[in-house]
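This report concerns only the one structure given below.
The values are calculated or read from the model by the stated rules, or taken from the named source; none is laboratory data. On a predicted model such as this, the values are computed, not experimentally measured, just so you know. Here the Cβ is made from the backbone with ideal geometry for all residues, glycine too, and neighbour counts use every protein chain on show. Accessible surface areas use protein heavy atoms only, side chains included; no ligands, DNA or RNA. Shrake-Rupley method; radii C 1.70, N 1.55, O 1.52, S 1.80 Å.
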Amino acid sequence: MMQNVHLAPETDDDDLYSGYNDYNPIYDTEELENDTGFQQAVRTSHGRRPPITAKIPSTAVTRPIATGYGSKTSLTSSMGRPMTGAIQDGVTRPMTAVRAAGFTKASLRGSAFDPLGQSRGPAPPLETKNEDSPEEKIRQLEKKVNELVEESCIANSCGDLKLALEKAKDAGRKERVLVRQREQVTTPENINLDLTYSVLFNLASQYSANEMYAEALNTYQVIVKNKMFSNAGRLKVNMGNIYLKQRNYSKAIKFYRMALDQIPSVHKEMRIKIMQNIGVTFIKTGQYSDAINSFEHIMSMAPNLKAGFNLILSYFAIGDREKMKKAFQKLIAVPLEIDEDDKYISPSDDPHTNLVIEAIKNDHLRQMERERKAMAEKYIMTAAKLIAPVIETSFAVGYDWCVEVVKASQYVELANDLEINKAITYLRQKDFNQAVDTLKMFEKKDSRVKSAAATNLSFLYYLENDFAQASSYADLAVNSDRYNPSALTNKGNTVFANGDYEKAAEFYKEALRNDSSCTEALYNIGLTYKKLNRLDEALDCFLKLHAILRNSAQVLYQIANVYELMEDPNQAIEWLMQLISVVPTDSKALSKLGELYDSEGDKSQAFQYYYESYRCFPSNIEVIEWLGAYYIDTQFCEKAIQYFERASLIQPTQVKWQLMVASCFRRSGNYQKALDTYKDIHRKFPENVECLRFLVRLCTDIGLKEVQEYATKLKRLEKMKEIREQRIKSGRDGSGGSRGKREGSAGSDSGQNSSASSKGERLSAKLRALPGTNEPYESSSNKEIDASYVDPLGPQIERPKTAAKKRIDEDDFADEELGDDLLPE
């Protein structure tokens, strides 16, 4: 049992209480009296306090200080130290602080320790404003006026001009009340002139925006005549702008010049703009020499694109060829002040640099640079097209000069656009061969220009119905630029013309994927779906197109036509009503409405639209026939006569119209007129059996002697008709037997001759039986497909423009094409 008990060894190696007698000599208070440094510090900084008065008992008593070692040593207090500044042992005691944090006399009197002063309670409330004081009322009214001016400006920027004017008027009324109140309280020198100026200026601007020019001018006059407003003279520019809108050009120039005189020369940009306004006003008045002086001064001081273009216009107006050339060179030399495109290409693979370039590639500054460049290209292209035909002996030479000048400038890429525009000018002059030759020159150029030229060539050949060449150049355009929507549209057109509608739809879809705003491709894919009888998809395409082209007559017609094919006449009528609101004089649209109402059984509405169609285009045979039949059904045969007479004038070889005229005379009881009409028909068409029958009947009823003559002719014609039918029948039988008896006999020869003659008679009979062979108003082939071309006028040469606009089916809609434009303006 004792074997598990272990006794601690009796050694001093591990003393549990060792170290407690060790202490730091710094805390040895017994040696402080002998420490000279400590004693000197006590005498100089702490041992000299001012004497304690008898009223306040001293707290500086001798205290025992307990140490950590259990010893207690009494330290002498500083109760009897000399006063501050006293001299002791030849040393002057310095001034020292005797008040500690939170130690006050009140604390000596028994107060609690409160260094933050929390015992004083909460702070007193702020003094309330007296809202009835005049100064406060003026301040609030001034704030309200400023708010009204801001609201007026915001309403103007949002397009609500009436609300902006109301706010401006309200601000003006409140500002006048404010001025009167301020005059009563303070001196007139304290009136806020800036507020008055802003209120009047905003009111004048809103008057001008609402085209209330007289009120605007009066308000501007109030500002300009007030000498207390500094720099108010420059508002005469706004007054000049108003006079320019009123076409009072002399006063506009007068106010522009007055404003120019009052603007110091340091404001160079403002003076240039005013001089440009003066030049434009001179152009409107026809004073081109004065306008040239203004624009020449601007181009010498601070050249810009607008001034350069207007200078070219002025020289063009006076016909100075050499000056036009110099002005064109000045226009091209105007600096654009934009960064090169190389700036937006990353020179290295640094990810930080790439992120920065990606961020600035399409920011607002970059968009502004693109807009400025596009505007410069527009001015240069327009100026070149304007002066090219007049600066040289021929427009081709003039274009060549412009191309050479452009090539030597910073607008090198515009030279190709000018060449394409030269080809379009050839087209305007109907010189197709020269246009084709000019466009073929681009086949060896870079891909973008080659694609544009090939697109135009494809368009030209498509118009000439040369679909093979059109398809070839469409392929070239697509191969040069696969993302050219115009090229893909033209390729789809050539495939459509060959009847491969599914493949055509694929090309149109690809064109839409490349450019969702390509309206030509969207229209044509709708036509393709209609051909494929996919009416729901066709309707979706045309409805999307209607959302883009709200007032397109072609799109409205196609939507109505699809609804008609879907057997929804109510919707078709509704869309046709929208169509005639866009083209109220289109006869085909009106007749289609009449046809739909007629199919619905509404004869009165049908008559109204058929009559409107006839009034707009009185040569439509179908409309004339319906109107004549309508009057016959309603027992107004006399009114039907004029329509059938017009039909006989349009189709003089058709006997049925003249027979209808005679029938109307007979039904209305005018037998003599009917008889004369039938006789006239018989003279023109002596073999017409129906005319002879009516003649026999009329002569019998009237009792004329000619009845026997007409009866004899009628019998002869009927007998001839019977003999002809028998010969035709026997000829058919004989031809079958003669084919079996061809041994060279005379009988067989005669059978062959009889067969040949009977065949000739059958052919002539068929020709005579064909109705409308000699009709002069046969419908032409339907051309529904849209072709597209490339307009080189803008910065994007490939952007499709409608060249041959979408044409409505001639049999269904328009006799007259709705403004087809082959070439861009």
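Odds and ends about this structure:
- Looking only at segment 213-231, and only at residues there that are assigned to a helix (DSSP H, G or I) and either among the aliphatic types (A, V, I, L, M) or in contact with a His (Cβ under 9 Å, 6 or more places away or on another chain) (or both), the one that is nearest to GLY279 (Cα to Cα): LEU217
- Scan of segment 290-318 for residues that are touching a residue at least 40 places away in the same chain (Cβ under 8 Å), more than 25 Å from SER265 (Cβ to Cβ) and open to solvent by less than 50 Å² (accessible area, probe 1.4 Å), ordered by number: PHE309, ILE312
- Meets criteria (over 27 Å from SER587 (Cα atoms) and among the hydrophobic types (A, V, I, L, M, F, W, C)) for LEU545: no
- Any pair with Cβ under 7 angstrom, 6 or more apart, that starts in segment 676-702 at a residue that is of a type in the set (Lys, Arg) and ends at one that is surrounded by fewer than 21 Cβ atoms within 10 Å (Cβ to Cβ): ARG693/LEU714
- Contact map, segment 572-584: first residue touching a residue at least 40 places away in the same chain (Cβ under 8 Å), second residue part of a helix (DSSP H, G or I) and not basic (Lys, Arg), Cβ cut-off under 8 Å, separation 6 or more or different chains; pairs are VAL583/ALA553; VAL583/ALA589.
- From the list LEU195, LEU200, LEU163, the lone residue that is more than 19 Å from ILE242 (Cα to Cα), in a helix (DSSP H, G or I) and more than 31 Å from the chain's Cα centre (by Cα) is LEU195.
- Complete set of residues in segment 404-422 that are in contact (Cβ under 8 Å) with a residue 12 or more places away in the chain and either outside any loop (DSSP other than H, G, I, E, B) or within 23 Å of SER451 (Cβ to Cβ) (or both): VAL405, VAL406, TYR411, LEU414, ALA415, ASN416, ASP417, LEU418, GLU419, ILE420, ASN421, LYS422
- Only one of GLN246, GLN262, GLN276 that is of a type in the set (S, T, N, Q) and closer than 18 Å to LYS225 by Cα: GLN262
- Selection of segment 584-633 for residues being aromatic (Phe, Trp, Tyr) and surrounded by fewer than 19 Cβ atoms within 10 Å (Cβ to Cβ) yields PHE607, TYR611, PHE617.
- Candidate set: segment 423-452, residues that are assigned to a loop (DSSP other than H, G, I, E, B) and more than 31 Å from the chain's Cα centre (by Cα); chosen: the one modelled with the lowest pLDDT: LYS445
- THR382 falls short on exactly one of the conditions (1) of a type outside the set (A, V, I, L, M); (2) open to solvent by 70 Å² or more (accessible area, probe 1.4 Å); (3) part of a helix (DSSP H, G or I), and that condition is (2).
- Contacts under 6 angstrom Cβ, first residue in segment 543-569 being in contact (Cβ under 8 Å) with a residue 60 or more places away in the chain, partner of a type in the set (Lys, Arg), 6 or more apart: GLN554/LYS806
- Filter result for ALA333 (more than 30 Å from ILE223 (Cβ to Cβ), open to solvent by 50 Å² or more (accessible area, probe 1.4 Å) and either in contact with a strand residue (DSSP E or B) (Cβ under 7 Å, 6 or more places away or on another chain) or of a type in the set (A, V, I, L, M) (or both)): yes
- For segment 133-160, the set of residues classified as part of a helix (DSSP H, G or I), at pLDDT 90 or above and either of a type in the set (S, T, N, Q) or under 35 Å from the mean Cα position of the chain (by Cα) (or both) consists of ASN146, GLU147, LEU148, VAL149, GLU150, GLU151, SER152, CYS153, ILE154, ALA155, ASN156, SER157, listed by residue number.
- Any hit, segment 483-495, residues being in contact with a Leu (Cβ under 9 Å, 6 or more places away or on another chain) and either among the aromatic types (Phe, Trp, Tyr) or open to solvent by 20 Å² or more (accessible area, probe 1.4 Å) (or both): no
- Filtered residues of segment 310-339 (kept if of a type in the set (Phe, Trp, Tyr) and under 12 Å from TYR379 (Cβ atoms)): PHE328
- Of all residues in segment 385-403 being charged (D, E, K, R) and assigned to a helix (DSSP H, G or I), the one that is surrounded by the most Cβ atoms within 10 Å (Cβ to Cβ): LYS385
- Test: residue in segment 650-663 that is surrounded by fewer than 16 Cβ atoms within 10 Å (Cβ to Cβ), without any contact (Cβ under 8 Å) to a residue 40 or more places away in the chain and in contact with a helix residue (DSSP H, G or I) (Cβ under 8 Å, 6 or more places away or on another chain): no
- Exactly one residue among ARG182, ARG139, ARG173, ARG234 is under 25 Å from ILE278 (Cβ atoms) and either open to solvent by 30 Å² or more (accessible area, probe 1.4 Å) or in contact with a strand residue (DSSP E or B) (Cβ under 8 Å, 6 or more places away or on another chain) (or both), and that residue is ARG234.
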